[in-house]
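The structure appears right after this line, and notes come after that.
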């Protein structure tokens, strides 16, 4: 006791050595999560609550905010521009997701065959677009699909087809944008489906072979049903992505021509540029509700088949 | 040809299909990389040919003159360094606390993490922007680095990875007198290295390609990241050179896009396995 008092540093060290390790073990997790929690609360939790409040005001970024109740929501829900942005996203969804799932399953099934030559090359090549920066690719898209000078029209011209205004006509802007999205993300879907395929037991196919089931039949009766969960997951992911799509129209079409590519995500951005923050916040929440409802619906639909 | 035969060796049709798709997938990037070395008028006059005798660096030299792409690279590098380091260090550390310790509020915080994973990112853009304004951080590195510096997805994924580390390993280290942080640093980190590699490439890819937040929060020329510079390219070129013709703009655009593509392509080719693991794990994000 006296010795401990005499040497101050030792006193401080002694109790730590005694109950230290256990105490430290109890305190350690708090220290470990603290930096994360600080950033998380400041830049995720707080803004989320702030958006919720903002969506009931008419705030334009400066001055005092007035509480307007549900006005922003009713304004949006009765605004044709809001519905047309959802409509544009829905059309893009139709142009993208079904095509992507069919293509994805076909490619994944082919790549799942260990005897396929150049398998490694295909797997790497298909994922290249997913890795490339979207903005760079979108710029390339603008050049490739230019009506007068683009490589696409030059190529089609070889077959005597007339020049098409891929990005300048409302009819073609959406499909051209959808093609960019398909090109960019299909490799990623293939990888997800491949991981799903790898969990299917090969003996099922051997049995089907013995029963004389054709390859097409096996694809429909074995692969697709067993891949349902993975497919459902992929559909939900892409639905989220399509309804949030923003960078593609921002770089390639700026929402035009005639708002034909003003997606739900791009429309939301328009509120920000006009400093119409209350409406923007309300739009965010409507979009969240829609996206979550759609995701739940897909999950339900795919489960119902069980 | 019998069906069993087909299972062992894919038919010619499958190869044809895959080859066509391969061509379609590689064409845009390959075309851009090659065309950037063509004389500008040739790119628009005959977009489908490549004449090696006319090989030129003109588009690159013009682009480096007209476009602040060096500044863009620098800004992206700064963000990559700080945001990347924060994610790579703090996310596994917090995940370690989630996976291997009992503490008050753990489930609450983790539940919040899961909820943010499901929210579309654009929901937070407006309030975050306002928060940046309040802090005086608009057009600063802080704005580019701090929000999302410790990605919720990284926590979620690393928690899975660290849960698989056997507790006996940690206890053995404790018996040897290891402190709690030393256990993380000397035992956990070496064991989860493959997962960390996947997280690393995914983090680099996400930060390098990130566009929506940077364009909203820091779009001045001094603060613009590479992707933001690229996105305003066409306007910049025509603005800097009054009367710049379409050919010049296109040439510079392709050169700039190539310059932005190449670092990630090289990284991808070198680390493709980690990339694919990272992307697969990242897909849980939603």
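Data overview
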{"read-out": "From the options B:108, B:114, residue that is exposed (fewer than 15 other Cβ atoms within 10 Å of the Cβ), more than 9 Å from chain A (Cβ to nearest Cβ), touching a helix residue (DSSP H, G or I) at 6+ places or on another chain (Cβ under 9 Å) and within 17 Å of residue A:40 (Cβ to Cβ)", "value": "B:114"}
{"read-out": "Scan of segment B:253-264 for residues that are at the interface with chain A (Cβ under 10 Å from one of its Cβ atoms) and either over 27 Å from residue B:34 (Cα atoms) or surrounded by 17 or more Cβ atoms within 10 Å (Cβ to Cβ) (or both), ordered by number", "value": "B:253, B:254, B:256, B:257, B:258, B:259, B:260, B:261, B:264"}
{"read-out": "Subset of segment B:163-176 [within 11 Å of chain A (Cβ to nearest Cβ) and surrounded by 13 or more Cβ atoms within 10 Å (Cβ to Cβ)]", "value": "B:170, B:174"}
{"read-out": "Only listed residue being closer than 30 Å to residue B:145 by Cβ, at pLDDT 90 or above and over 28 Å from the mean Cα position of the chain (by Cα), chosen from A:37, A:31", "value": "A:31"}
{"read-out": "Subset of segment B:177-201 that is at pLDDT below 90 and either exposed (fewer than 14 other Cβ atoms within 10 Å of the Cβ) or out of contact with any helix residue (DSSP H, G or I) (no Cβ under 8 Å at 6 or more places or on another chain) (or both) - its residue that is nearest to the other protein chains (Cβ to nearest Cβ)", "value": "B:177"}
{"read-out": "Segment A:193-230, residues that are crowded, with 19+ Cβ neighbours inside 10 Å, under 25 Å from residue A:124 (Cα atoms) and within 12 Å of chain B (Cβ to nearest Cβ)", "value": "A:193, A:194, A:196, A:230"}
{"read-out": "Yes/no for residue A:111 being over 24 Å from residue A:239 (Cα atoms), in contact with a helix residue (DSSP H, G or I) (Cβ under 8 Å, 6 or more places away or on another chain), more than 7 Å from chain B (Cβ to nearest Cβ) and in contact (Cβ under 8 Å) with a residue 60 or more places away in the chain", "value": "yes"}
{"read-out": "Residues of segment B:10-57 satisfying the condition of being surrounded by 13 or more Cβ atoms within 10 Å (Cβ to Cβ), over 30 Å from residue A:100 (Cβ atoms) and at pLDDT 85 or above", "value": "B:37, B:38, B:39, B:56"}
{"read-out": "Matching residues, segment A:231-254, being over 15 Å from residue A:178 (Cβ atoms) and more than 10 Å from chain B (Cβ to nearest Cβ)", "value": "A:231, A:232, A:235, A:254"}
{"read-out": "Any hit, segment A:200-207, residues being in contact with a helix residue (DSSP H, G or I) (Cβ under 7 Å, 6 or more places away or on another chain) and more than 28 Å from residue A:238 (Cα to Cα)", "value": "yes"}
{"read-out": "Elements of type helices (runs of 4 or more DSSP H) contained in segment B:209-286, each with 2 or more residues being assigned by TED's automatic domain parsing to the domain that holds residue B:144 and at pLDDT below 85", "value": "B:233-240, B:246-270, B:272-282"}
{"read-out": "Odd one out for residue A:154, checked against (1) under 24 Å from residue B:226 (Cβ atoms); (2) assigned to a helix (DSSP H, G or I)", "value": "(1)"}
{"read-out": "Whichever residue in segment B:121-131 is closer than 16 Å to residue A:45 by Cβ and touching a residue at least 40 places away in the same chain (Cβ under 8 Å) and, among such residues, is nearest to the other protein chains (Cβ to nearest Cβ)", "value": "B:128"}
{"read-out": "Residue in segment B:74-91 that is assigned by TED's automatic domain parsing to the domain that holds residue B:162, outside any helix (DSSP H, G or I) and either within 19 Å of residue B:163 (Cβ to Cβ) or without any contact (Cβ under 8 Å) to a residue 12 or more places away in the chain (or both) present", "value": "no"}
{"read-out": "Some residue of segment A:62-80 being modelled with pLDDT under 90, within 14 Å of chain B (Cβ to nearest Cβ) and surrounded by fewer than 16 Cβ atoms within 10 Å (Cβ to Cβ)", "value": "yes"}
{"read-out": "Qualifying positions in segment B:141-155 - in a loop (DSSP other than H, G, I, E, B), at negative phi and at the interface with chain A (Cβ under 9 Å from one of its Cβ atoms)", "value": "B:146, B:147, B:149, B:150"}
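The values are calculated or read from the model by the stated rules, or taken from the named source; none is laboratory data. Since we're looking at a predicted model, the values are computed, not measured. Virtual Cβ from ideal backbone geometry, glycine too; neighbours counted across all protein chains shown.
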